[in-house]
Amino acid sequence: MHDTYFQDQVAVVTGAGGTLCSVIARDLAERGARVVLVGRTLAKLQTVADAITAAGGVCRTAACDVTDEPGLKQLSDELLDNWGPCRFLVNGAGGNNIKAMTTLTAFEASELGDERPAGQVGFFDLDMGMFEQVLKINTLGTVIPSRVFGRQMAVAGGGSIVNFASMNSYCPLTRVPAYAMGKAAVVSLTEWLAAYLASANIRVNAVAPGFFVNARSVQYLGSLQAGLTPRGRQVIDHTPMGRFGEAKDLLGCVAWLLDDRASAFVTGATIPVDGGFLTRSGV
Ligand SMILES: NC(=O)c1ccc[n+]([C@@H]2O[C@H](COP(=O)([O-])OP(=O)(O)OC[C@H]3O[C@@H](n4cnc5c(N)ncnc54)[C@H](OP(=O)(O)O)[C@@H]3O)[C@@H](O)[C@H]2O)c1
């Protein structure tokens, strides 16, 4: 028999034009949800929307920045009028920026001198504007949609939110201070909101993907097919399953966390989906 749990329910997916959440959005549409695809670039969202529509699913695009609270509020009002309240929220928008990364993995005295090796970026050189942007998208970019759509859930009597953490949430990787800080904050927020919203019948959990190749990370990890960078090799050597994740590896976990029948007593949890990365200390 066809499972109707997600049928016609409104599922908002942020970062829906991206590598991971485009696949999650398609999966929720296949399960019958009416999916709202949120991201800043309409063209990316439209490609996903076309695939969903071609497969018989129902969706709409919403070109919006997840840190723009008035913009999201307008979207949520429109949705309420046309489709009803949001029941499921996947906070997938996030990510890093190469300009908020160091090239050094540890302090070197050359960082202090005038004669710098070309291309070297240490902690003391970081562009603070970019640092702030990376922090903002990964932290406020999760807080703000949770406020806007969480309010709708509270009025409607409940819902479920899934945030996106990272391996950096547990222990910061080298070179990515802003991203690591932001993703550690996502775990804290997930726990805080879970405790706060339990009385509104809203569960809040997170997934922590291991290393999944996307358009940006391929530049500094490489791929198993085309060749790994030294950092990519380190990642694979620390991943007992010996490969990068594929977006479809997340689907079961996300659907489980959204589904009250399957995970009714789970809230405030962050679930690693990492091929075992966290189990290996590297020693
Ligand atoms: N890939 C991995 O290995 C990995 C590992 C751990 C965690 N994660 C997390 O998983 C989530 C999805 O990652 P991904 O690999 O699918 O990344 P991705 O391909 O870069 O997708 C992220 C999407 O977020 C959107 N976005 C970024 N800033 C936004 C903003 N301010 N407002 C609205 N949308 C915004 C981007 O679209 P626009 O630029 O068009 O807005 C992009 O499509 C992210 O939170 C990421 O940090 C990924």
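The values are calculated or read from the model by the stated rules, or taken from the named source; none is laboratory data. Owing to the predicted nature of the structure, the values given are computational and were not obtained by experimental measurement. Glycine also receives a Cβ, built like all others from the backbone with ideal geometry; neighbour counts cover every protein chain displayed.
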Matching option when the condition is under 18 Å from the mean Cα position of the chain (by Cα) and of a type in the set (Ser, Thr, Tyr), among SER199, SER169: SER169
Close pairs (8 angstrom Cβ cut-off, 6 or more residues apart or separate chains): under 18 Å from VAL162 (Cα atoms) and modelled with pLDDT of 95 or more in the stretch 63-87, of a type in the set (Lys, Arg) and part of a helix (DSSP H, G or I) anywhere: THR67/LYS136; SER76/ARG151
Leading residue by the ranking (surrounded by the most Cβ atoms within 10 Å (Cβ to Cβ)) among those in the stretch 165-178 that are of a type outside the set (Ser, Thr, Tyr) and more than 11 Å from the ligand (Cβ to nearest atom): ALA178
Selected residue (criterion: surrounded by the fewest Cβ atoms within 10 Å (Cβ to Cβ)) from residues of the stretch 60-96 that are part of a strand (DSSP E or B) and within 15 Å of the ligand (Cβ to nearest atom): ALA63
The listed residue being in contact (Cβ under 8 Å) with a residue 24 or more places away in the chain, surrounded by 14 or more Cβ atoms within 10 Å (Cβ to Cβ), near the ligand (Cβ under 9 Å from one of its atoms) and farther than 19 Å from THR102 by Cα, out of VAL204, VAL187, VAL213: VAL213
Flag if VAL162 is among the β-branched types (Val, Ile, Thr), within 29 Å of THR279 (Cα to Cα) and surrounded by 24 or more Cβ atoms within 10 Å (Cβ to Cβ): yes
Any pair with Cβ under 9 angstrom, 6 or more apart, that starts in the stretch 44-58 at a residue that is more than 12 Å from VAL23 (Cα to Cα) and ends at one that is acidic (Asp, Glu) and part of a helix (DSSP H, G or I): ALA55/GLU30; GLY56/GLU30; GLY57/GLU30
Test: residue in the stretch 115-127 that is in a helix (DSSP H, G or I), of a type in the set (D, E, K, R) and surrounded by fewer than 17 Cβ atoms within 10 Å (Cβ to Cβ): yes
Hits in the stretch 154-191 - residues which are closer than 17 Å to LEU257 by Cα and part of a helix (DSSP H, G or I): VAL186, VAL187, LEU189, THR190, GLU191
Verdict on GLY141 being outside any loop (DSSP other than H, G, I, E, B), within 10 Å of the ligand (Cβ to nearest atom) and touching a Leu at 6+ places or on another chain (Cβ under 6 Å): no
Matching residues, the stretch 23-45, being small (Gly, Ala, Ser) and touching a strand residue (DSSP E or B) at 6+ places or on another chain (Cβ under 8 Å): ALA25, ALA29, ALA33, GLY39
Some residue of the stretch 234-245 being surrounded by fewer than 19 Cβ atoms within 10 Å (Cβ to Cβ) and under 25 Å from THR142 (Cα atoms): no
Residues (in a helix (DSSP H, G or I) and either β-branched (Val, Ile, Thr) or crowded, with 24+ Cβ neighbours inside 10 Å (or both)) located in the stretch 28-39: LEU28, ALA29
Options ALA194, ALA198; residue that is of a type in the set (A, V, I, L, M, F, W, C), away from the ligand (no atom under 15 Å from the Cβ), surrounded by fewer than 19 Cβ atoms within 10 Å (Cβ to Cβ) and assigned to a helix (DSSP H, G or I): ALA198
